[in-house]
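Down below is the structure, laid out as structure tokens.
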């Protein structure tokens, strides 16, 4: 039995110009709406949301850790909802950092798929280093 290549759903999106365009547009639409809530001063651009992104990612990790410490690694509905809220905050700060750097969140998503597909094709998904 033949198995699907790593990242088959991502490959299907990237192989379809319509799907890839929809993916990019969806992320860009999210970014446009999300950053409309930005409340930090212009001099705080980039560094402030980047630091806050780190904090929110830490909150995701903290909630996951507490599920293992306090609940034997079981993620009940409330824990999953709490983690989903923190993941939403991570997304918001990603959108803000990208905007502050003049980047499209959609282009970032497409670039990430392209990178992961390339790594899968070269069998270097594991390991370390940005440019492997």
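How would 14, 77, 44 line up from fewest to most surrounding beta-carbon atoms within 10 angstrom?
Numbers: 14 17, 77 7, 44 14.
Lowest to highest Cβ neighbour count: 77, 44, 14.
Report the percentage of all Cα-Cα pairs in the chain whose separation exceeds 26 Å, rounded to a whole percent. Display every interim value, and only then the final one.
On the way: 3578 of 8646 pairs.
Result: 41 percent of Cα pairs exceed 26 Å.
Please give the contour-minus-distance gain from residue 43 to residue 85: 0.36 nm per residue of separation, less the Cα-Cα distance, rounded to one decimal in nm. Before the final figure, lay out each step's value.
Numbers: separation 42, 0.36 × 42 = 15.12 nm, distance 2.75 nm.
Here the segment from residue 43 to residue 85 would lengthen by 12.4 nm.
When only Cα pairs under 8 Å and 6 or more residues apart are kept, what is the percent relative contact order across the chain? Mind dumping the intermediate values first?
Values: 97 pairs, mean separation 52.0, N = 132.
RCO, the chain: 39 percent.
Quick check on the chain: helices-only [θ] at 222 nm, where DSSP H runs of length 4 and up contribute -39,500 (n - 2.57) each and the sum goes over total residues. Nearest 500, please. Walk me through the intermediate numbers first.
Details: 5 runs with 93 residues, N = 132.
When only DSSP H runs of four or more count, the value is -24000 deg cm²/dmol.
For the residues 16, 104, what sequence is obtained by ranking on other C-beta atoms within 10 Å, fewest first? Don't jump to the answer; show the numbers that get you there.
On the way: 16 12, 104 16.
Listing 16, 104 from fewest to most nearby Cβ atoms yields 16, 104.
For the chain, set up a Gaussian network in which alpha carbons nearer than 10 Å are linked by springs, and say which option among 87, 18, 110 fluctuates the most.
18
Give me 51, 91 ranked fewest to most by other Cβ atoms within 10 Å of their Cβ, as a rough exposure proxy. Don't jump to the answer; show the numbers that get you there.
Values: 51 12, 91 17.
Least crowded to most crowded, the residues run 51, 91.
Computed from the coordinates by the stated procedures, all read-outs in this text should not be read as laboratory data. Note that the structure is a prediction, hence the values are computed from the model and not measured. Neighbour counts are summed over all protein chains in view; Cβ atoms, including those assigned to glycine, are modelled from backbone coordinates with ideal geometry.
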